[in-house]
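The values are calculated or read from the model by the stated rules, or taken from the named source; none is laboratory data. Note that the coordinates shown come from a computational prediction; the quantities given were computed from them, not determined experimentally. Neighbour counts run over all protein chains shown; Cβ positions are idealised from the backbone, glycine included. Areas reflect the complete protein model, heavy atoms only, side chains present, ligands, DNA and RNA absent. Shrake-Rupley method; radii C 1.70, N 1.55, O 1.52, S 1.80 Å.
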Amino acid sequence: QVQLVESGGGLVQPGGSLRLSCAASGSIFSISAMTWFRQAPGKQRELVSSIASDGRTTYPDSVKGRFTISRDGAKNTMYLEMNSLKPEDTAVYYCYALIRTATQNTFNAYWGRGTQVTVSS
């Protein structure tokens, strides 16, 4: 059984910073891409950032230059450093990963339960 657990969310003032973590646990053989999504109330879930197994990263224009994604392969953990936060960054942030377990021959998609980020004065 694989689990993804996010942490690090909270309330922050505009212009502030937060660091999110996503830890994968279980019988993990290999992790391919890891991705952060977010969903604000009444809006569709959107991609925030993605990092491939070789370290290549992807950012939409809305967070480029403010957010930085990284991963620690030894810890099976992904991070999202968020700076210059804006009220429009308020959302539940979800972790997503393509993981192959010790008993699987293919990569399967897993989601975390999310962590709330609120940017407000």
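Here are some notes:
- The Cα atoms of the range 53-103 cover 43, 22, 18 Å along the three principal axes, with the biggest extent listed first.
- Only Cα pairs under 8 Å and 6+ residues apart enter the sum, and on that basis the relative contact order of the chain stands at 37 percent.
- Rg over Rh for the chain works out to 0.98, both radii taken from alpha-carbon positions and Rh defined as the Kirkwood radius.
- For the options GLY26, GLY55, GLY42, a Gaussian network treatment of the chain with springs between C-alpha atoms closer than 10 Å singles out GLY42 as fluctuating the most.
- Ligands, DNA and RNA left out, the 1.4 Å accessible surface of the chain is 46% carbon and sulfur atoms.
- Averaged per residue, the chain has 55 square angstrom of accessible surface, using a 1.4 angstrom probe with ligands and nucleic acids left out.
- Cα-based Rg and Dmax for the range 1-68, where Dmax is the largest Cα-Cα distance (Å): 13.7, 40
- Gaussian network model of the chain, Cα within-10 Å springs - most flexible of ARG19, ARG56, ARG71: ARG56
- Test item: Cα-centred dipole of the range 19-121, Lys/Arg +1 and Asp/Glu -1 on Cβ, debye: 100 debye
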